[in-house]
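Some notes on the structure that comes next.
The values are calculated or read from the model by the stated rules, or taken from the named source; none is laboratory data. Being a predicted model, the structure only gives us computed values, none of them experimental. Note: ideal-geometry Cβ built from the backbone for every residue, glycine included; neighbour counts use all protein chains shown. Heads up: the accessible areas ignore ligands, DNA and RNA and are worked out on the full protein's heavy atoms, side chains in. Shrake-Rupley method; radii C 1.70, N 1.55, O 1.52, S 1.80 Å.
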Amino acid sequence: MKKYKFQILILLSISLLTIHPVHGDQTGTLRTVVIDPGHGGMDPGAVSGGVQEKDLVLDIALRLGRKIRETYPEVKVIYTRNKDVFIPLYQRADIANRNKADLFISLHANYVATTTVGGTETFTLGLHRSQENLEVARKENAVILLEDDYSTNYEGFNPKEAESYIMFESMQSEYQEQSIDFAARIQEQFSQNLQLNNRGVKQAGFLVLRRASMPSVLVEVGFISNPNERKFMVSEAGKEKITQSVFDAFKSYKKTIENRSNFAILAENETKTETHSLPANGSASNETGPQAENPNVKPKANVSTSNTEATVSQGVTKNPSTDKWYAVQIAATQKVIDTTPANFKNEKSITRLKVGNINKYVSGKYDSFAAATKEKNRLRSKFPDAFVVVVENGIPSLARN
Ligand SMILES: [Zn+2]
């Protein structure tokens, strides 16, 4: 019997690792979000003090979807359920995969046997590091026992058996980093906006997240077993605050991934433009500077956010004739990006230079082409399109020795 179980686990792990269609938008635009209110129909989820988890999370899910639609009409919001119906766990991720969702948000409320435990936590898929986290996954996965053919649909997975969870150890989703990033934003918002204990970002083996081919999280918005939290969660103000927190996390996550990708795409276009169209030592000016290739992108007002830029401008004004230096251009975009290292793969000496309506981001400040070339060679591992520029009067142009 033991041996038999082991074989099932091995087979299961192999099949899970191979089922992994790549979804999501290559350009990084967040176009589709799937909101998954846990449980439903014959499965009430956690029940305490007359409150059923399935009702609470459906309410929050619908509020969240409305907020997203109101603010981002271009984003497609899909619910795995928008009424009180039973949806098997495996179908929930399938809905997200079929719709090529860019983000999957599963909403739940927690339950433990004691009434004093409380707080919020957000899970991403992975192997639990504590018994406590395993218990949460066990509870949320137990619903499959209500499904027909669960042993077929989950390839022999037994939600109650600790052994069944071993497979999650080998499941390193390619979306793990983004999932954790989004989860961290949710917990940050919760800790700012709610008076609930922040239990943090955790990993555990949730079947509902298992097959999702996009960044995905499972949010436990509070403990239904804790009378104070229950009261808060069912109140209008409570539901609104919880929803707003998840929405704010969504907003900042969306903005970040879209900034990152636009930045990379424009950087690439810009590099090609410069390399092919500018003569050696040609200098760009406000009049002749390269424009973004996408005519649909409206130019933005020049908003100065970085100290670095201010320094450059001052230098230009004070002593324009000697202000010539070399640097490595790593990106160009119409967007104004804060020059903090976090936005530039941890590079610490980024300067933003504005040419026309394009913001060029360069690294370092060197007095020779050779020194800048050395820096370019180092940076190419992070920014494959990096190239050396000579900056004169605050305007960078392609430099050739
Ligand atoms: Zn649940």
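For the pair THR340 and ASN99, the difference between a 0.36 nm per residue extended length and the Cα-Cα distance amounts to 83.2 nm. Taking all protein chains as they are arranged and a probe of 1.4 Å, the heavy atoms of SER191 leave approximately 60 Å² accessible to solvent. Since only GLN178, ASN141, VAL117 are under comparison, the one whose Cα sits farthest along the positive direction of the charge dipole of region 116-186, derived from C-beta charges on Lys, Arg, Asp and Glu, is VAL117. Surface composition of region 339-388: carbon and sulfur make up 53 percent of the accessible area, probe 1.4 Å. Okay, which of region 28-62 sit inside 12 Å, backbone N to the point 7 Å along the Cα-Cβ direction of LEU146? Residues 38-47, 52-55 qualify, since their backbone N sits under 12 Å from the label point.
Computed from label points 7 Å out along Cα-Cβ, the spacing between GLN176 and GLN195 is 3.9 nm.
A 1.4 Å probe over all protein chains sorts ILE78, ILE180, ILE144 by accessible area into ILE180, ILE78, ILE144, starting with the largest.
For THR80, the shell of other residues with beta-carbons less than 9 Å away shows a net charge of +1, using +1 for Lys and Arg and -1 for Asp and Glu.
Estimated at the nearest 10 Å², the accessible area of VAL336 is 50 Å² with a 1.4 Å probe.
Sites listed here are chymotrypsin sites (Phe, Trp or Tyr not before Pro) in region 350-401 whose DSSP assignment is loop and whose Cβ has at most 12 other Cβ atoms within 10 Å, and the list is empty.
Most tightly packed first, judged by the mean number of other beta-carbon atoms within 10 Å of their residues, the peptides 245-251, 40-46 read 245-251, 40-46. According to the calculation over all Cα-Cα pairs in region 2-256, the P(r) per 5 Å bin from zero is 1, 6, 14, 19, 21, 17, 12, 6, 2, 1, 0 %. Extension gain for the segment VAL85 to VAL117, taken as residue separation times 0.36 nm less the Cα-Cα distance, is 8.6 nm to one decimal.
In a DSSP loop and with at most 16 other Cβ atoms within 10 Å, the trypsin sites (Lys or Arg not before Pro) in region 129-158 are ARG129. Summary of the geometry: region 199-240 and region 365-401, compared by the centres of their Cα atoms, lie 48 Å apart. Residues whose amide H comes within less than 5 Å of that of SER213, counting only those at least five positions distant or on another chain, are ASN97 (H built at 1.01 Å from N in the peptide plane).
In this structure, VAL47 and ALA237 have a Cβ-Cβ separation that, at R0 = 30 Å, corresponds to a calculated FRET efficiency of about 0.85. Rolling a 1.4 Å probe over the protein heavy atoms gives region 2-256 an accessible area of 43 Å² per residue.
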